[in-house]
Amino acid sequence: MSRPRIFVTGGTGFIGSHLLPKLYQQGYAMTVLVRSSELKKIPGRPELPPETRLVIGDIRQPDSYRAALENHQVLIHMAADYRVGLPASCAARRGMYHTNVTATMELFDAAQQASIPQMVYLSTTAALGETDGTFPDETHRHNGVFRSYYEETKQIAHTLLLQRQQQGLPINIAIPGGVFGPGDASVLSQTINAYFRGKIPFQITTTSSFQLCHVERLCHGLVQLVDSQIQGQNFLFTGKDFSMPEVFALLAEVSQRDILPSRSVSALKPVAWAMDKLSFTGFTMPLSQEALRIMDGSTYMYCSDKAIKQLNWSAGDPYQELKLFAQAMAEQAVKDVRSAKK
């Protein structure tokens, strides 16, 4: 008997690579949209499960995947342009908008035309906006203050899909906070890696808070959203709240180093302005005005009670899991340094 098949975008990304084996264990086979058949192996990310079919195409070009959507029971859309500290150029913004908004809506239009009966969209708590220190639920709506263009584009897509959901589109929306784990290439992971390699001389003074959970925990929740008995639902999957000073304190504990000295946001604004100007020349800068805006003391913290009660979901112990993740990165940094000296 053939397995029911799921069409996946973002299946070779960080979250997707951890999710696909779990879906296979549940009896599904995957069709994954990829730009090239030559997949880069990233340490920490699982291999594609058996019976995975690759479709060479581009999420921004519907004609490259439209025919392949036929005869699928589920669509899971995770592909996104999630850069923070976007170069301050119109071209960069147009590219992100095309991927996160235009291409997303075109994909769900195509899936509806292909009569796919179950759909899942991976949103983000950024799409719901800041919470002023409270822990609201899935009904919270963005206040219109955007600290990054990523946040703005995800809010637009989220709102448009809520409207489609209310019109009867069979879509579940997953809303995670920050996610970490093996194979993570996020800004957080890059920061942790740079810290253990001695490349971060100071931290930025901020009270901004966000939530984190391990990728395995998030995937346990996402797997349940392909169930046809769950339709037209939105679920938050968040974890423990952290601030960057708390993260750096954890890293100092793991590495047995002193806490990094702090620099104020205001002191770094001229530097960020100059780096934004340099970004127009094509250089990748370590700091941007957009990145500083995220450090303004805002909070992005939500309550996952709905997922806990209805899906029996658990965020686990994010602090201990982040600590173990950091310890593994610290050990790898030491190995790399030793290897470079040989």
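Readers should treat all values here as calculations from the given coordinates under stated rules, not as data from a laboratory. Quantities reported herein were computed from a predicted structural model and do not represent experimental measurements. Because the Cβ atoms are built from the backbone with ideal geometry, glycine has one as well, and the counts that use them run over all protein chains shown.
Please list, by residue number, everything in region 165-205 whose backbone N is under 15 Å from a paramagnetic label point 7 Å out along Cα→Cβ of K269. Correct set: 205.
Computed across region 214-268, the Kirkwood radius stands at 15.0 Å (inverse of mean 1/r, all Cα pairs). Residues whose amide H falls under 5 Å from that of Q118, counting only those 5 or more places apart or on a different chain, are L75, with hydrogens built in the peptide plane. Which shape class, rounded, prolate or oblate, goes with region 40-157 when its Cα gyration tensor gives a ≥ b ≥ c as root eigenvalues, a/c under 1.5 marks rounded, and past that a/b bigger than b/c marks prolate? Prolate shape, in that a/c is at least 1.5 and a/b is the bigger ratio. Peptide packing for 181-194, 203-216 was compared via the average number of neighbouring C-beta atoms within 10 Å per residue; ordered from the highest value, the list is 203-216, 181-194. Modelled this way, with points 7 Å down the Cα-to-C-beta line, the labels at Q231 and F202 are 5.7 nm from one another. Shown for I259, I294, I6, I230: other C-beta atoms within 10 Å of each C-beta, ranked fewest to most, produce the order I259, I230, I294, I6.
I'm a student and want to see the number: the projected area of the Cα convex hull of region 1-76, averaged over all directions, in nm².
The number I arrive at for region 1-76 is 5.0 nm².
Comparing F325, F237, F180 in a Gaussian network model of the chain (Cα springs below 10 Å), the most mobile by mean-square fluctuation is F325.
Here the Karplus curve 6.51 cos²θ - 1.76 cosθ + 1.60, taken at θ = phi - 60°, turns the phi angles of region 238-245 into couplings of 10, x, 6, 7, 9, 10, 4, x Hz, with x standing for Gly and Pro.
Please compare each pair in K199/K323; K41/K341; K269/K323 to a cut-off of 22 Å on the Cα-Cα distance and tell me which ones are over it.
On the way: K199/K323 20 Å; K41/K341 25 Å; K269/K323 31 Å.
In this structure, K41/K341; K269/K323 exceed 22 Å between Cα atoms.
Counting every other Cβ atom within 10 Å of each residue's Cβ, M30, M295 order from fewest to most as M295, M30. The string of couplings for region 52-61 from the Karplus curve (6.51, -1.76, 1.60, θ = phi - 60°) is 6, 10, 9, 10, 7, x, 9, 4, 8, 10 Hz, one whole number per residue in order, with x for Gly and Pro. What number, in percent, do you get for the relative contact order of region 152-259 if the mean sequence gap of Cα pairs under 8 Å and at least 6 apart is divided by its residue count? RCO, region 152-259: 38 percent.
Taking every C-alpha pair closer than 8 Å and separated by at least 6 residues, the mean separation divided by the residue count of the chain gives a relative contact order of 19 percent. Computed from backbone phi with θ = phi - 60° and the Karplus coefficients 6.51, -1.76 and 1.60, the 3J(HN,Hα) list for region 315-322 is 7, x, 10, x, 5, 5, 5, 5 Hz; x is used for glycine and proline. Between S304, S89, S17, the residue with the greatest mean-square fluctuation in the GNM of the chain (Cα pairs under 10 Å linked by springs) is S89.
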